[in-house]
Amino acid sequence: DTAVSQTPKYLVTQMGNDKSIKCEQNLGHDTMYWYKQDSKKFLKIMFSYNNKELIINETVPNRFSPKSPDKAHLNLHINSLELGDSAVYFCASSQRVYEQYFGPGTRLTVT
Amino acid sequence: AQSVTQLGSHVSVSEGALVLLRCNYSSSVPPYLFWYVQYPNQGLQLLLKYTSAATLVKGINGFEAEFKKSETSFHLTKPSAHMSDAAEYFCAVSESSGSARQLTFGSGTQLTVLP
C-alpha cells in the first residue's frame, strides 16, 4: 500500500539522453511536487502542480518538464541530460496546504 | 522568501542522552513548520508539524518540538536517544505559492548515536 511511489529507483544514463521518472500517489491528494536532492543532501523544490496551476522554480532549467496525465500522476521528463543533473529526485504529494508525503526517491546518475 | 537555518550539520549523542537539533526560520507571516527524517537510501518521513495550534508539538518515535515565535525557532528534541534514531533530519518551512504550499528545507543535520 505504498502512498507515493516512484520508478525507477535507480537510473544510469549518458549525457545528452532524454529520460523520464514516473510518480504515482494513491492518497487522493490534489497537489504533487518534484524535489532535487544534491550530493550534499540539500533539498530544493523544482515544481509544484495541481489541476489548476503549475508553479516552476525559476532556477530549474527548461530541459526539465513535469507531465501530469491525471491527478494521481506527475512524471518528470528531462531532455539533454547533463552531468550536473546527477542527483536524487523525490516526488511528493499533499492535500492543499497540509504536510507533504514523499516517495522513496530516484537516484539519477549521468555519465 | 522564507528560509530555514539548521545549526550543526553533524550532531553526535550517546545512546540514552538528550537529542537537541536546532532550527531557526525567517518568515514575514505565521509559518507552518515541519521536521522530516531521512534514513539512508530512503525518502523523507514526516516526524511532526506545527500549523499554528499548540506550540509544543509531539511527533512519532518520541520526538517533540517547540515553536518559539520570539526566538523564531523550532528545535527538535528527544529525551533519550536510541540507536535507531541515527539519520538525517530536516527542518522545513512552508510558504504559500498560489494554491499550493512549497516547502523550503534547511541544510539538514546528520545525527549519530554512539553506543
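The values are calculated or read from the model by the stated rules, or taken from the named source; none is laboratory data. Nothing here was measured: the structure is a model prediction, and the numbers come from that model. For neighbour counting, all protein chains shown are included, and Cβ atoms are generated from backbone atoms with ideal geometry for every residue, glycine included. In case anyone asks, the SASA skips ligands and DNA or RNA and just uses the protein heavy atoms, side chains included. Shrake-Rupley method; radii C 1.70, N 1.55, O 1.52, S 1.80 Å.
Only residues that are out of contact with any Gly (no Cβ under 6 Å at 6 or more places or on another chain) and open to solvent by less than 20 Å² (accessible area, probe 1.4 Å) were counted across the range B:1-22, and they come to 3.
Considering only the range B:58-73, state which residues are hydrophobic (A, V, I, L, M, F, W, C), more than 16 Å from residue B:11 (Cβ to Cβ) and open to solvent by less than 60 Å² (accessible area, probe 1.4 Å).
Residues of the range B:58-73 hydrophobic (A, V, I, L, M, F, W, C): B:60, B:63, B:65, B:67.
With the extra rule that they be more than 16 Å from residue B:11 (Cβ to Cβ), the set shrinks to B:60, B:67.
The answer is B:67, and nothing else.
Within the range A:58-86, the residues that satisfy the criterion of being assigned to a loop (DSSP other than H, G, I, E, B), open to solvent by 30 Å² or more (accessible area, probe 1.4 Å) and either farther than 21 Å from residue A:29 by Cα or free of Cβ contacts under 8 Å to residues at least 12 places away in the same chain (or both) are A:58, A:59, A:61, A:62, A:63, A:79, A:80, A:82, A:86.
Could you go through the range A:88-110 and let me know if any residue there is of a type in the set (Phe, Trp, Tyr) and more than 15 Å from the chain's Cα centre (by Cα). Yes, the range A:88-110 contains at least one residue that is of a type in the set (Phe, Trp, Tyr) and more than 15 Å from the chain's Cα centre (by Cα).
For the range A:8-38, which positions are within 17 Å of residue B:44 (Cβ to Cβ), crowded, with 18+ Cβ neighbours inside 10 Å and within 13 Å of the chain's Cα centre (by Cα)?
A:21, A:23, A:25, A:31, A:32, A:33, A:34, A:35, A:36, A:37
Among the residues of the range A:39-53, those identified as more than 13 Å from the chain's Cα centre (by Cα) and open to solvent by 60 Å² or more (accessible area, probe 1.4 Å) are A:39, A:40, A:41, A:42, A:51, A:52.
Which residue out of B:1, B:53, B:17 is closer than 21 Å to residue A:44 by Cα and either in a loop (DSSP other than H, G, I, E, B) or without any contact (Cβ under 8 Å) to a residue 12 or more places away in the chain (or both)?
Details: B:53 fails: closer than 21 Å to residue A:44 by Cα; B:17 fails: closer than 21 Å to residue A:44 by Cα.
When all the criteria are applied, what remains is B:1.
Filtered by the rule that a residue be in contact with a Leu (Cβ under 8 Å, 6 or more places away or on another chain) and open to solvent by 80 Å² or more (accessible area, probe 1.4 Å), the range B:38-57 gives no residues.
Residue count for the range A:92-111, restricted to those that are facing chain B (nearest Cβ under 9 Å), open to solvent by less than 60 Å² (accessible area, probe 1.4 Å) and not charged (D, E, K, R): 8.
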